[in-house]
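Following: one structure in structure tokens, then a few remarks.
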Amino acid sequence: MSRVAYVNGRYVPHRQASVHVEDRGYQFADGIYEVCTVRDGVPMEEKGHLDRLERSLREMRIDMPMSRAAFSLAMRETIRRNLVTNGIVYLQVTRGVSPRDHAFPTKKIRPAVVMTARNAKAHPAAWIEDGVKAITMPDIRWGRCDIKTVGLLPNCFAKQAARENGAYETILYDDKGVVTEGSSSNAWIVTEAGALVTRAPSNEILNGVTRLELIKLAAAEGLKFEERSFTLDELRRAREVFVTSASSFVMPVTQVDDKTVANGKPGAVASKLRAALMAHMDAQVAAAK
Ligand SMILES: Cc1ncc(COP(=O)(O)O)c(C=O)c1O
């Protein structure tokens, strides 16, 4: 099967898919993106991802290049043409092509829309049964981390540091020692007192679609939940640590830097929430069939 990409309204062979050298996404990271999990060929949390895509574009002052219905259709067609059953679909919108100038073009230009989709392997069973390692690093990103821009270099540095340290993720903290989020995930703890905690949305973090769904699922499970910042010290003393994202789902963290989290096994809250999220995704698949 040869892969296909969606580029500005056309489905083209993946190998030949390209945008112009003066696309502002290429030159200035002047664009935004979304990643949706695909289960059984169905994009998960489509509404949440399209809501955030619209919000990111609004904050960037980029016009919606097409309707939500058209996005939805193209996303499904990209999934279908790439024979994706379980994997991801990637959507990217940049401001468009214009002679290089830092300021926005005065002439109205068409935003560039790109989509790709691919199958992905299931997480190794050991990650879920034993948990994964996270390292911590200072957060060196900009002041608008709430916008899902393609400007991800600090996130790339942080993920590379994780790889080089045999870790799954890097959890970032600000100059006051307060945890912001993971390099490509939201960070959660269960405190020594048993409260489930994740940071409130602000300009410092991306408001994860998984995060939003998990807050609802935690309420349905009757878990004690606190939406607030927590420190590196609380992270190190936590009874449970986990990270969430569209592609990590709920990933239990059992080692932070060189310290084992609690007894070194994934906790009951993370396991319960992971199961609830999986059931919620199964329900979305069933509703779409
Ligand atoms: C920096 C950052 N935070 C949080 C998330 C989690 O967001 P979502 O649950 O919508 O995937 C991501 C996902 O890529 C991310 O890049």
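The values are calculated or read from the model by the stated rules, or taken from the named source; none is laboratory data. Only a predicted model underlies this, so the values are computations on that prediction, with no experimental measurement involved. All Cβ positions, glycine included, derive from the backbone under ideal geometry; neighbour counts span all protein chains shown. Side chains are part of the model used for accessible areas, which takes the heavy atoms of the whole protein and leaves out ligands, DNA and RNA. Shrake-Rupley method; radii C 1.70, N 1.55, O 1.52, S 1.80 Å.
Within the stretch 25-84, the residues that satisfy the criterion of being of a type in the set (Asp, Glu) and in a helix (DSSP H, G or I) are GLU46, ASP51, GLU54, GLU59, GLU77. Within the stretch 164-186, the set of residues being out of contact with any Asp or Glu (no Cβ under 7 Å at 6 or more places or on another chain) and either near the ligand (Cβ under 9 Å from one of its atoms) or in a strand (DSSP E or B) (or both) comprises GLU169, THR170, ILE171, VAL178, VAL179, GLU181, SER184, ASN186. Determine whether the stretch 141-164 contains at least one residue that is open to solvent by 20 Å² or more (accessible area, probe 1.4 Å) and touching a Gly at 6+ places or on another chain (Cβ under 8 Å). Yes - at least one qualifying residue is present in the stretch 141-164. In the stretch 37-84, the qualifying residues are those that are of a type in the set (Ser, Thr, Tyr) and under 19 Å from the mean Cα position of the chain (by Cα), and the one that is nearest to the ligand (Cβ to nearest atom) is THR37.
From the list ILE215, ILE189, the lone residue that is outside any strand (DSSP E or B) and touching an Asp or Glu at 6+ places or on another chain (Cβ under 8 Å) is ILE215. If the condition is being within 13 Å of the ligand (Cβ to nearest atom), of a type outside the set (Val, Ile, Thr) and either under 17 Å from CYS145 (Cα atoms) or out of contact with any strand residue (DSSP E or B) (no Cβ under 9 Å at 6 or more places or on another chain) (or both), then the stretch 187-202 contributes ALA187, ARG199, PRO201, SER202.
Restricting attention to the stretch 174-192, the residues that are touching a residue at least 60 places away in the same chain (Cβ under 8 Å) and either open to solvent by 30 Å² or more (accessible area, probe 1.4 Å) or not assigned by TED's automatic domain parsing to the domain that holds PRO252 (or both) total 1. Suppose the filter is open to solvent by less than 40 Å² (accessible area, probe 1.4 Å) and either within 20 Å of the chain's Cα centre (by Cα) or within 28 Å of TYR33 (Cβ to Cβ) (or both); does ALA195 pass it? Here the answer is no, as ALA195 does not meet what is asked.
When the criteria are applied in full, SER18 fails the requirement of being of a type in the set (S, T, N, Q), in contact with a helix residue (DSSP H, G or I) (Cβ under 8 Å, 6 or more places away or on another chain) and part of a loop (DSSP other than H, G, I, E, B).
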